[in-house]
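No lab work stands behind these numbers, since they all come straight from the coordinates. Keep in mind that what you see is a predicted model, and the values were worked out from it rather than measured. Don't worry about glycine lacking a Cβ; one is built from the backbone with ideal geometry, like all the others, and counts go over all protein chains shown.
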Amino acid sequence: MSDTTPEKSSKSVFIKTYGCQMNVYDSERMKDVLAPIGYAPVEAAEGADLVVLNTCHIREKATEKVYSELGKIKKLKQAQGGKMTIAVAGCVAQAEGAEIMRRQPAVDLVLGPQAYHKLPEMIARVHRSTGERLETEFETLEKFDALPKARQADGPMAFLSVQEGCDKFCTFCVVPYTRGAELSRPVDDITLEARSLASQGVREVQLLGQNVNAYHGAAPKLDGAGEWTLAQLVRHLAKIGGFDRIRYTTSHPRDMDDDLIAAHADTPELMPFLHLPVQSGSNNILKAMNRGHTREQYLDTMRRMKDARPDMALASDFIVGFPGERDKDFEDTMDLVRQVDYAIAYSFKYSERPGTPAAEMFGQVPEDVKNERLQALQALLREQQTRFNVSKIGQTIPVLVTGKGRNAGQMHGRSPWLQAVHFDAAPDLVGQIIDVTIEGASLNSLSGVLPGQTAEVAA
């Protein structure tokens with residue numbers, strides 16, 4: 001008998017994830033690369049052999065949260081007699097690797113988002129007290145090549161990374177500096193991972209990328225030379241048995257081509273939900289942001305998407321208080337929001353990110369003005385989101401059952417429009433797509449019953 005089994009069962013890893021869906025995916029893959037060397041995931045940092053903070057660098061507050069969390073974990077490490085390995089991964093690691101090691105000496109290793117496949121090797125180096133503790137070079141395709149081809153699915157929904165990096169260089173954004181240039185995975189590699197997920201019962205897959213609709217991956221070897229677009233990839237993945245739902249995020253308006261819009265009309269598996277960040281409704285501000293599109297072009301794209309798929313739910317991101325934003329610029333944003341009528345949108349005050357062009361721009365907007373504008377925008381967005389959810393009352397909609405709800409007998413799931421849905425039903429329905437008649441709606445969720453049942457009967 002091998003003596004490695006006890007070793008494998010004795011190690012634990014706690015991974016805390018900050019930020020976007022890409023980071024959620026990266027954390028899942030970290031678990032995959034750590035499993036062969038005996039690390040099992042746990043739900044808390046206390047007592048863990050390895051703690052990984054998978055970080056986000058988009059906003060200043062997120063960065064400071066990481067340093068605050070490191071202070072707490074340092075105390076846990078001390079309580080364990082130093083027998084805890086602390087790793088900082090992700091975009092903060094990429095941008096501030098040396099600074100992290102300086103500010104918090106308790107950190108054992110730092111690795112950027114393109115280096116987490118080297119995590120086992122780096123852990124071994126730490127344990128031997130030799131080697132380099134910083135690994136922040138961009139090697140995206142090498143990373144994907146080194147990852148296990150099979151993935152451990154966790155429920156009926158899964159993220160699948162197809163593209164990384166960004167070439168857009170928006171003046172407020174650090175992503176091009178932390179994730180590197182745009183790179184797309186080959187179709188064959190994506191398909192292999194997708195089939196692994198489908199074989200484990202995944203019914204809904206969400207394709208991820210910093211600019212996912214800029215996807216240009218190598219075509220399947222059997223298809224010959226050339227590159228495929230995201231629309232081609234979506235239609236290809238829709239043929240995999242088991243997948244009933246496909247989504248993608250996050251998109252850029254510059255890369256929303258006609259064929260991708262058409263795919264929403266001709267591919268039933270592609271869900272009627274589009275997250276297309278615009279950031280501002282003002283042409284002046286869009287130019288200052290280096291977005292590469294106008295408000296008119298954005299509105300035209302949204303109209304064409306609605307024409308292709310009338311039941312489409314539209315989502316976006318907004319930044320208020322960008323340098324140089326005048327009252328007229330902000331009103332242009334409010335007008336765009338009214339024209340589009342969003343199902344959901346995310347809005348933030350502009351915050352300076354060191355090293356970005358916007359941080360050096362004249363016309364920085366006072367905090368009180370930012371706050372006032374943000375409150376006005378969010379009030380409008382909440383009104384639209386609530387109205388969209390209320391519009392589903394009385395409809396019977398297909399819901400992917402994802403797990404148990406908070407209350408006894410309650411289950412939850414996702415609608416085609418990405419809304420959370422709560423209803424009473426048996427727990428053995430997890431992983432199935434069932435009809436639910438919607439009876440209630442709030443800002444953040446829907447509630448309903450199974451057709452022909454009351455909540456009491458379903459429970």
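Sorting the segments 294-300, 305-311, 342-348, 218-224 by their mean number of nearby beta carbons within 10 angstrom, highest to lowest, gives 342-348, 294-300, 305-311, 218-224.
Under a 5 Å amide H cut-off, with hydrogens placed 1.01 Å from N, L270 pairs with I246 among residues at least 5 apart or on other chains.
For the chain, the cysteines with no partner cysteine C-beta closer than 4.7 Å are C20, C56, C91, C166. For the listed residue pairs K168/K349; K75/K404; K31/K77; K370/K404; K328/K392; K31/K65, the alpha carbons are over 28 angstrom apart in K75/K404; K370/K404; K328/K392. Semi-axes of the equivalent ellipsoid of the chain are 35, 30, 24 Å, computed as sqrt(5λ) over the eigenvalues of the C-alpha gyration tensor in descending order. Kindly provide log₁₀ I(q)/I(0) values, in the same order as q = 0.10, 0.19, 0.21 Å⁻¹, from the Debye equation applied to equal alpha-carbon scatterers of the stretch 260-412. For the stretch 260-412 at q = 0.10, 0.19, 0.21 Å⁻¹, log10 I(q)/I(0) is -0.45, -1.16, -1.31.
Set against the 2.2 N^0.38 Å expectation for a compact globular protein, the stretch 166-221 has a Cα radius of gyration ratio of 1.38. Once Rg and the Kirkwood radius are both taken over the C-alpha atoms of the stretch 396-458, their ratio Rg/Rh works out to 0.91. Our helix-only sum for the chain, with -39,500 (n - 2.57) per DSSP H run of n ≥ 4 divided by its residues, gives a mean residue ellipticity at 222 nm of -11000 deg cm²/dmol. Normalised by the number of residues in the chain, the average gap of Cα pairs under 8 Å and 6 or more apart makes the relative contact order 9 percent. A protection proxy built from the mean count of other Cβ atoms within 10 Å ranks the segments 318-326, 26-34, most packed first, as 318-326, 26-34.
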